[in-house]
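Worksheet: the structure to be examined is printed underneath.
Readers should treat all values here as calculations from the given coordinates under stated rules, not as data from a laboratory. What you see is a predicted model; the values in this text were computed from it and never measured. Neighbour counts run over all protein chains shown; Cβ positions are idealised from the backbone, glycine included.
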Amino acid sequence: MDVTVAELRKLESKLGEVMGLATAARAATERVQVLLGDGDSGLAATLKKMNQEASETETRCLDVAANFEGKKSSIQEQARSTSQKGAEMLKSYLDPNADALDGFEFLTIIEAAEVGHWNVLKVMNDRAGDEAITELVTWALPIQERHYSDASESAKQLAADTDPAQPA
């Protein structure tokens, strides 16, 4: 059965993108946890919290998407497309030789992308005035900014513990 996909406005498409990036971030934190192994428990706790918050972000985005009558499925499709792009980046960047430092560097990249997308959604919504999106952005943007900071600081911590003369 063919399902007609509703055409999205830029605001709705951006909502799908931030939802997809949350999905990608959740997968990335899981991959980095594997790379970390039994390493630093503080870093493991950071990853766990980031993963939980990414999951909650997905849920909240889905709840807001339901407000766009007849467009929830299209927003979800945009999210899947964005998440797939993130999965391809993850696979490419974190190859079989990757270590925990590579993982946190990758998280820094993906979290910076999330912060950028959330800021764009905020600016678009400043003009559109959707209350549900305003509430979502107000909740999510500080979390995404913290995720970026946590990923960056964790990468620096691992870098400080790395022998720079060690073979790559």
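Computed quantities for the displayed model
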{"item": "Degrees separating the helix 131-160 axis from the principal Cα axis of the chain, which is the longest one", "result": "10"}
{"item": "Tensor-based shape of the chain (alpha-carbon gyration tensor, a/c under 1.5 rounded, otherwise prolate or oblate)", "result": "prolate"}
{"item": "Residue with peak Gaussian network fluctuation, the chain [Cα springs, cutoff 10 Å], from Asp63, Asp38, Asp99", "result": "Asp38"}
{"item": "Neighbour-count ranking [beta-carbon atoms within 10 angstrom, fewest first] of Glu7, Glu114, Glu58", "result": "Glu7, Glu58, Glu114"}
{"item": "Packing-based exposure ordering (other Cβ within 10 Å, fewest first) of Asp130, Asp163", "result": "Asp163, Asp130"}
{"item": "Count of lysine pairs in region 12-109 with Cα separation under 25 Å (8 or more residues apart, or interchain)", "result": "11"}
